[in-house]
1. When the accessible area of segment 7-102 is split by element with a 1.4 Å probe, what percent falls to carbon and sulfur?
2. Going 7 Å from the Cα of V82 in the Cα-to-Cβ direction, what parts of segment 19-34 have a backbone nitrogen less than 14 Å from that spot?
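The values are calculated or read from the model by the stated rules, or taken from the named source; none is laboratory data. Keep in mind the model is a prediction, meaning the values are calculated, not measured. Glycine gets a Cβ as well: all are built from the backbone with ideal geometry, and neighbour counts include every protein chain shown. With ligands, DNA and RNA removed, areas are computed over all heavy atoms of the protein, side chains included. Shrake-Rupley method; radii C 1.70, N 1.55, O 1.52, S 1.80 Å.
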Amino acid sequence: PLAPQVEVALKTMDDRIEATGSIGEIAAAAGLSRRALERLFRRELGRTPSEVYLARRLDRGQRLLRHTDLPVREVAIACGFVSTPHFCRAYKRRFGLPPGGDRHLDPALVGREIPLVGAPAPAVSPDR
C-alpha cells in the first residue's frame, strides 16, 4: 500500500487534470512541503511528482483520443496543456506515436464516458 500522503497527492492530481495545479499546491493538499513530497514519491513510486503528474495527464489524453471524437486541441486542453504542440510532443515521447495515431483504436467504445483513473466506471446500458 502507498503512504496516505501519496494517495492524497494522486487524487489531487486526478482532480486537477484540466486545470493543472502546481506540485507545491499538490504537496500542500497532502500536508507536505514540495521537497518532502518529491522524496516520498521517489521512495514509493520511483519517480518525481512532476513525472507522475505528466504521465497521468497523458494517460487521460490517450483514453480521450481512443474513445471520443474530441479534436486533439480539445484533448490537450482537457488534460491541462495550454499548447497543442507541447501536448503532441509529450504524447509522442510517452507513447511512441503522435496523438492522431492513437485515434479510435477501439471503435466499440467511442462516445462512452471515460472516467479518470481510480474513479468508478459509469453504468452502461446494454443498448449502447
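1. Numbers: 2480 of 4890 Å².
Of the solvent-accessible surface of segment 7-102, carbon and sulfur hold 51 percent.
2. Within reach of a label on V82, which here means backbone N under 14 Å from a point 7 Å along Cα→Cβ, segment 19-34 contributes 19-22.
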